[in-house]
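For reference, the structure is listed below as structure tokens.
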Amino acid sequence: MSFSITDTPIDLPAIRAALEHHGCGAAVFFEGRVRDHNEGEAVDRLEYEVYRPLAQSEGEKILAEAAERWSIERSVCIHREGRLELGELAIVVGVVSAHRDEAFQAARYIIDEAKVRLPIWKKEHYRSGEAHWVNCQRCGAHAHAHSG
Amino acid sequence: MKTVHVRYFAAFRDATGRSEETIASAAETLAELFGERVAAHTALHPEAAARVALNDTLVDWESAFSDGDEVLFFPPVAGG
């Protein structure tokens with residue numbers, strides 16, 4: 001199991017190499033990429049802020065939970081920090097197991113938990129020039145009021 | 001009164017205009033402490049999905065805190 005935060009582009013071939021295992025017939029990878037739109041707004045780029053000490057311990061916990069619940073051999077989760085351009089990898093989850101069911105389910109669990117539990121915040125920079133922290137309703141209202 | 005070191009992240013840092021501050025507080029719980037900070041910083045608002053950590057451990061908003069603790073206020077997360 002390996003969880004990490006990186007401020008440089010995620011190295012997909014290195015993750016695939018780390019998950020090579022002759023006992024595993026299934027390898028499932030999830031790539032979270034920077035999308036060019038969100039809720040009707042054209043997105044230009046993203047910025048991720050990470051509180052590393054807790055992100056690391058919480059991320060390791062999530063991978064341990066997945067290994068406990070499903071019979072998987074290895075798992076990797078890497079999340080980016082800092083400024084990201086469209087199409088870049090924001091997060092990658094990789095799981096290998098003997099059979100596909102376990103790998104699919106564990107990978108799904110890891111990405112779902114990572115999105116709601118890791119102390120990571122996403123700021124969307126829009127083509128309009130505005131920027132908002134995602135999921136922060138009242139902070140967004142405040143930003144609008146002051147950018148007006 | 002207890003003296004605590006408070007840190008703000010992401011939207012909370014933008015709202016308070018600072019990433020940290022050391023304050024004296026009469027609050028009993030972390031929820032009350034956050035309420036005091038909302039009163040002190042007009043742009044800071046409560047968020048339903050906000051979390052709080054005490055000395056690098058996620059805890060309940062109703063938790064008590066001690067003199068010298070470090071309190072981290074996390075706005076709603078959005079990883080992935």
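Using all pairs of distinct alpha-carbon atoms, the Kirkwood hydrodynamic radius of the range B:19-60 works out to 11.4 angstrom. Rounded to the nearest 0.05, what FRET efficiency do residue B:69 and residue B:41 have when you use their Cβ-Cβ distance and R0 = 22 Å? My answer for the efficiency is 0.65. Counted by Cβ distance under 11 Å from residue A:96, the other residues give a net charge of 0, where Lys and Arg count +1 and Asp and Glu count -1. Comparing mean-square fluctuations of A:37, A:22, A:125 from a GNM of chain A with C-alpha springs under 10 Å, the top value falls on A:22.
Residue A:76 contributes about 10 Å² of solvent-accessible surface, heavy atoms of the protein only, 1.4 Å probe. Restricting the calculation to Cα atoms, the protein assembly as shown shows an Rg/Rh of 1.02 when the hydrodynamic-style radius is the Kirkwood one.
For chain A, modelled as a GNM whose springs connect Cα atoms under 10 angstrom apart, the maximal fluctuation among A:97, A:75, A:57 occurs at A:57. Helix content alone sets the calculated 222 nm mean residue ellipticity of the protein assembly as shown: runs of n ≥ 4 DSSP H residues at -39500 (n - 2.57) each, divided across all residues, give -10000 deg cm²/dmol.
Do any GluC sites (Glu not before Pro) in chain B lie in a loop, going by DSSP, with at most 16 other beta-carbon atoms within 10 Å of their beta carbon, and if so which? Could the numbers behind the result be given before it?
Working: sites: B:20, B:21, B:28, B:32, B:36, B:47, B:62, B:70; in loops: B:28, B:47, B:62.
Listed in order of number, the matching sites are B:28, B:62.
Debye-formula intensities of chain B, expressed as log10 I(q)/I(0) at q = 0.16, 0.24, 0.27 Å⁻¹, are -0.52, -1.25, -1.61 (one equal scatterer per alpha-carbon, no solvent). Its relative contact order, with pairs defined as Cα atoms under 8 Å and 6+ residues apart, puts chain A at 34 percent. Taking the simple approach of a point 7 Å from Cα along Cα-to-Cβ for both residue A:86 and residue A:116, what is their distance in nm? Output for this residue pair reads 3.1 nm.
The values are calculated or read from the model by the stated rules, or taken from the named source; none is laboratory data. Being a predicted model, the structure only gives us computed values, none of them experimental. Note: ideal-geometry Cβ built from the backbone for every residue, glycine included; neighbour counts use all protein chains shown. Please note that ligands, DNA and RNA were not included when accessible areas were found on the heavy atoms of the full protein model with its side chains. Shrake-Rupley method; radii C 1.70, N 1.55, O 1.52, S 1.80 Å.
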